[in-house]
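For reference, the structure is listed below as structure tokens.
Please treat every number below as a calculation from the coordinates, not as lab data. Keep in mind that what you see is a predicted model, and the values were worked out from it rather than measured. Glycine gets a Cβ as well: all are built from the backbone with ideal geometry, and neighbour counts include every protein chain shown.
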Amino acid sequence: MEKDLIRIGDIEKFSLVDMPSKIAVVVFMQGCPWRCPFCYNQSLQNPTGETDAKWGHLLHLLEHRKGMIDAVVFSGGEPLLQTGLPDAMDEVKSMGFEVGLHTGGYNPEAFAKVIDKVIWVGFDIKAPLNAEHYKRATGGIGDVEKIKQSLDMLIKSGKHFECRTTCDPRLLDIADIYTIADELSALGVKEYYIQKYRPIPSDITTQESDCNKFFKDEKMLAYLRSKFEIFDVRK
Ligand code: SF4
């Protein structure tokens, strides 16, 4: 059977911040099923685009970085959208690299096919885990039951992972962060981060002070520290 095409939007050749304690190459996979209002990677949303040309370029790059790079992180877009992801991960593993994944967990069936291949996952939590809020935070598309299935699978896998939330004040308020923290800690999540929203170019109404409020609320931050073994802010 012919190998599924891999669609890559971009490649970050050297990163110290996309996978804990690893020097990584980051592969931004083309295509995402969601339309989060705060998306900074809108050029990656369209599922068509560059194909194996960039995959060949990546393999060439990795061949020349052996010994200098520890891992390849598949990011997005949404990597789980691509049926060629399991083979792509196998290929870079066979070259001696470890594999990480950034995902929103939108498709548990696709997640099940790659979870054994990765050593670490960065799992995006867009909103409190209820249907209405999750739909709003993903542009009317996300199915929260599927996200819960993916997260459950990740927790049960025993893999190293983190959850993280971008604090877009148009979608979330302080009470929502408390709700997310309660939901995640009840599920057994140990590591959580909140990330600052930087207004996308089309957002001309959100003020800097709206974005900062999550990071100035000492009571909430103390609560988050109490809920997780590891908690931090990314501003
Ligand atoms: S999951 Fe949301 S933020 Fe991430 S690429 Fe897709 S639309 Fe953008």
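A compact table of results
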{"read-out": "Debye intensity ratio I(q)/I(0), log10, the stretch 1-87, q values 0.11, 0.13, 0.19 Å⁻¹ (C-alpha model)", "value": "-0.30, -0.42, -0.87"}
{"read-out": "Net lengthening on full extension, ASN41/ASP232 (0.36 nm per residue, minus Cα-Cα)", "value": "66.4 nm"}
{"read-out": "Projected label distance in nm at HIS60 and GLU145, using a 7 Å step from Cα toward the beta-carbon", "value": "4.7 nm"}
{"read-out": "Karplus (6.51, -1.76, 1.60) ³J(HN,Hα), θ = phi - 60°, over the stretch 12-23, in Hz, Gly and Pro reported as x", "value": "9, 6, 8, 9, 9, 10, 9, 8, x, 6, 10, 8"}
{"read-out": "17 Å reach of a label modelled at SER202, 7 Å along Cα-to-Cβ, counting backbone N of the stretch 24-40", "value": "31-40"}
{"read-out": "Amide H contacts of GLY139 (H built 1.01 Å from N, under 5 Å, at least 5 apart or other chain)", "value": "ARG35"}
{"read-out": "CD proxy at 222 nm, helix term only [per DSSP H run n ≥ 4: -39500 (n - 2.57); per residue of the chain; nearest 500]", "value": "-10500 deg cm²/dmol"}
{"read-out": "Three-way shape call for the stretch 132-197 based on the alpha-carbon gyration tensor, with the a/c threshold at 1.5", "value": "oblate"}
{"read-out": "At most 15 other Cβ within 10 Å, DSSP loop - chymotrypsin sites (Phe, Trp or Tyr not before Pro), the stretch 1-110", "value": "TYR40"}
{"read-out": "Fewest-first ranking of VAL27, VAL92, VAL17, using other Cβ atoms within 10 Å as the exposure measure", "value": "VAL17, VAL92, VAL27"}
{"read-out": "Residue of GLN207, GLN45, GLN195 that the Gaussian network model of the chain assigns the largest fluctuation, springs spanning Cα pairs under 10 Å", "value": "GLN207"}
{"read-out": "Cut-off 16 Å (backbone N to label point 7 Å along Cα→Cβ of ILE174), residues of the stretch 195-235", "value": "209-225"}
{"read-out": "Square roots of 5 times each gyration tensor eigenvalue, C-alpha, the chain, largest first, Å", "value": "30, 19, 18"}
{"read-out": "Beta bridges by DSSP in the stretch 8-234, antiparallel share as percent, to the nearest 5", "value": "15 percent"}
{"read-out": "Span-like helix ranges in the chain, DSSP H, alpha carbon extent 18 angstrom or more, Kyte mean at least -1.0", "value": "52-65, 144-157, 174-187"}
